[in-house]
1. Between a residue in region 145-167 that is closer than 20 Å to residue 122 by Cα and at pLDDT 95 or above and any residue that is in a loop (DSSP other than H, G, I, E, B) and aliphatic (A, V, I, L, M), which pairs come within a Cβ distance under 6 Å, given they are 6 or more apart or on different chains?
2. Pick from region 185-200 the residues that are charged (D, E, K, R) and modelled with pLDDT of 95 or more: which of them is surrounded by the fewest Cβ atoms within 10 Å (Cβ to Cβ)?
3. Would you be able to say whether some residue in region 138-145 is within 16 Å of ligand 2 (Cβ to nearest atom), touching a helix residue (DSSP H, G or I) at 6+ places or on another chain (Cβ under 6 Å) and charged (D, E, K, R)?
4. Could you tell me whether any residue of region 21-36 is away from ligand 1 (no atom under 16 Å from the Cβ) and closer than 30 Å to residue 177 by Cα?
5. For the condition more than 16 Å from ligand 2 (Cβ to nearest atom), in a helix (DSSP H, G or I), hydrophobic (A, V, I, L, M, F, W, C) and without any contact (Cβ under 8 Å) to a residue 24 or more places away in the chain, what is the one hit in 112, 24, 65, 108?
6. Can you pull out every residue in region 168-179 that is within 16 Å of ligand 3 (Cβ to nearest atom) and surrounded by fewer than 21 Cβ atoms within 10 Å (Cβ to Cβ)?
7. With respect to residue 93, determine if the residue is touching a residue at least 24 places away in the same chain (Cβ under 8 Å), touching a Gly at 6+ places or on another chain (Cβ under 8 Å), buried (at least 19 other Cβ atoms within 10 Å of the Cβ) and small (Gly, Ala, Ser).
8. Any idea which residue in region 37-62 is farthest from residue 174 (Cα to Cα), counting only those that are near ligand 1 (Cβ under 10 Å from one of its atoms) and outside any helix (DSSP H, G or I)?
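The values are calculated or read from the model by the stated rules, or taken from the named source; none is laboratory data. None of the values given here were measured: they were computed from a predicted structure. Reconstructed Cβ throughout: ideal geometry from the backbone, glycine too, with neighbour counts over all protein chains shown.
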Amino acid sequence: EVSANAALIGGLIDACREVIAANADHLSELDRAIGDGDHGTNMRRGLEAVHVERSRLVQLALPRALEEIGLTLVMSVGGAAGPLYGTLLIEIGRQLSGASGQIDFARALERAVDAVARRGRASPGDKTLLDVLYPVHGEVVRRAGLAGICEVAQRAASLTTGMRAMRGRAAFLGDRSIGHVDPGAKSCALLTAAICRFLEE
Ligand code: ADP
Ligand code: MG
Ligand code: MG
């Protein structure tokens, strides 16, 4: 018998791992256009490392599990995206664990997204995964529902096409980064969609 908590954590891990495995080649292809072509490989390595720890993670309370998943991503992803996704999950976990008082998920996500921005010294409009995270947070605050969140994430990733990269490897390309979807924004939208689909079931 599997507890509701274990089913939730295990389901989230599986949904994220599957969507990254299915789209790893595409994500690396996007990264080949404006980076070094490894974003899909990096993310797949990270989610495989998380999967290895699955049986231990599902026994933890959700906030603690998110922190542990974040630490694993920091150690295993390898690229710039590792510490950024890691910071996101570690911060959500820390905020939800209530160390600084009771807060809801929207508030926890807000603080975590701000922590990612500080870590990457990036702002909205810089053509990074933050250009998906901020709109997703906005939809969570608006209580838009899972379908709305998923839709906004996909649209937000597409909008990075018109942006000039200001952070990460793509920034070296300057104006030549315009016209390509940011790989980190794309992975973030894919993960958001996979999580929303899982939670809808
Ligand atoms: P690397 O660039 O080290 O090869 P990845 O290819 O795995 O790392 O990840 C690249 C993605 O990371 C970019 O598409 C972008 O979304 C994100 N990124 C890179 N640098 C930053 C930063 N300073 N702040 C926010 N996001 C960043
Ligand atoms: Mg790369
Ligand atoms: Mg790299």
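1. 160/181; 161/181; 164/178; 167/122
2. Among those that are charged (D, E, K, R) and modelled with pLDDT of 95 or more, it is 197.
3. Within region 138-145, none of the residues are within 16 Å of ligand 2 (Cβ to nearest atom), touching a helix residue (DSSP H, G or I) at 6+ places or on another chain (Cβ under 6 Å) and charged (D, E, K, R).
4. Applying the first criterion (away from ligand 1 (no atom under 16 Å from the Cβ)) to region 21-36 yields 22.
Subsequent filtering for residues that are closer than 30 Å to residue 177 by Cα retains 22.
Yes: region 21-36 contains one or more residues that are away from ligand 1 (no atom under 16 Å from the Cβ) and closer than 30 Å to residue 177 by Cα.
5. Checking each option against the conditions leaves just 108.
6. 169, 171, 172, 173
7. Numbers: touching a residue at least 24 places away in the same chain (Cβ under 8 Å): yes; touching a Gly at 6+ places or on another chain (Cβ under 8 Å): yes; buried (at least 19 other Cβ atoms within 10 Å of the Cβ): yes; small (Gly, Ala, Ser): yes.
Yes, satisfied.
8. Within region 37-62, the first condition is being near ligand 1 (Cβ under 10 Å from one of its atoms), and the residues that meet it are 37-43, 45-46.
Still in the running and outside any helix (DSSP H, G or I): 37-38.
Working: 37: 17, 38: 20 Å.
Applying the filter and picking the extreme gives 38.
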